[in-house]
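Take a look at the structure below.
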């Protein structure tokens with residue numbers, strides 16, 4: 001549609017001639033005709049909105065020495081004024097109209113010459129103009145004592161992404177990312193040292209601050225379980241303090257044979273031809289990590305390992321973790337990993353990636369849990385070792401965890417150039433304790449890994 005916008009107001013700028021050329025410093029400045037700029041805008045009044053077109057005429061100058069032309073009058077950039085920009089932003093963002101529909105309404109209602117492409121540019125310009133306000137809101141949130149965070153899926157131009165929300169009691173900011181990795185909350189909440197309230201998504205654990213898991217999410221999960229098991233009397237007692245006593249579901253018989261409940265689990269993880277010792281080692285490795293996880297997140301009043309001593313026979317559904325019951329000898333892999341996971345000063349290495357590219361840098365979160373009534377402090381080391389125990393990389397920081405408290409430390413860690421199977425370790429050396437607490441993850445340094 002062809003728009004012919006009648007000028008609402010003519011403005012002829014009268015100003016003093018510049019005294020110096022900004023390019024060469026010459027004082028030989030001459031007037032060099034006139035420039036015209038037409039600004040299309042909307043004018044608000046008590047009776048409604050109307051188109052408002054202002055045509056500015058202002059002098060152009062030339063430096064007689066360097067021949068550079070310029071103007072002194074500061075005119076509004078672009079061809080659209082501030083009110084029409086605000087109108088476009090409101091229509092696109094708040095009312096969620098398409099850019100084509102907004103352009104069509106401006107043409108049909110106000111006779112403003114604008115295309116869908118121009119609306120897109122105006123939206124981008126407004127985003128840039130409000131960058132300062134966005135940063136000010138974000139800085140206020142980060143400086144505050146409490147931040148609530150959450151994320152959800154979103155599609156942009158047909159591609160899957162994620163929108164993250166970060167809020168306090170008064171302000172909220174949003175951030176978009178192409179993936180759900182921890183890099184987004186780490187970047188947005190850089191420097192935050194208050195209490196972070198979030199759901200149980202592990203990306204938030206990478207932020208080195210006090211953590212509070214959202215009770216609404218916990219209540220939702222409990223309600224869902226109650227709906228699924230309405231006649232379960234134990235579920236009805238969820239108002240009391242909870243103890244997590246069955247979280248592994250990785251049972252093996254004492255000889256390393258899967259139980260009736262776990263045969264398909266180990267076939268999926270290791271294959272049908274896996275050796276018993278491989279299953280026992282994997283069982284202990286995963287059970288230790290799960291124990292660390294549940295302890296670290298402080299959701300339950302206690303974490304209790306199920307079937308410490310039960311039974312072992314063909315066709316059993318569960319089994320204990322003894323190698324020799326008569327001698328009360330635990331299966332060695334289990335004793336190694338789970339013993340560390342249940343120490344009063346707990347360590348949870350929040351990293352489950354199986355491969356890393358050589359010389360890559362990752363920010364790795366280590367959560368410390370102190371179940372003692374005295375504060376704990378000391379050194380926290382993050383190391384990467386070969387299968388033979390040779391240390392390839394190391395980072396070390398001081399730590400302090402209050403009595404019955406929890407603290408998370410995020411550490412930037414660079415993988416070595418050497419390729420091969422390795423063990424990533426987080427080791428807490430607490431003052432006054434004879435032995436450290438260790439959390440381990442198996443990782444392979446491989447070229448081409450992500």
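Here are the numbers:
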quantity	calculated
Ratio of the Cα radius of gyration of the range 148-216 to 2.2 N^0.38 Å, where N counts its residues	1.09
With Cα atoms, 0 to 90° folded angle of helix 332-341 axis to the chain main axis	50 degrees
Which of 222, 62 has the fewest Cβ neighbours within 10 Å, and the rest in rising order	222, 62
Rg in Å to one decimal, and Dmax rounded to a whole Å, for the chain via C-alpha atoms	32.5, 106
Helix axis angle, 131-143 relative to the chain longest principal axis, alpha carbon, degrees	30 degrees
Per-peptide average of other Cβ atoms within 10 Å, ordering 301-313, 163-175, 435-447 highest first	435-447, 163-175, 301-313
Alpha-carbon Rg/Rh ratio, for the range 327-398, with Rh computed the Kirkwood way	1.02
Ranked list, fewest to most other Cβ atoms within 10 Å of each Cβ, for 285, 80	285, 80
Cα-based helix-to-principal-axis angle, 215-228 vs the chain, degrees rounded to 10	60 degrees
Estimated 222 nm signal from helices in the chain, with DSSP H stretches of n ≥ 4 weighted -39500 (n - 2.57), rounded to 500	-7500 deg cm²/dmol
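Throughout, read-outs are computed from the coordinates displayed, never taken from laboratory work. Quick caveat, the model's predicted, so the values are computed rather than measured. Neighbour counts are summed over all protein chains in view; Cβ atoms, including those assigned to glycine, are modelled from backbone coordinates with ideal geometry.
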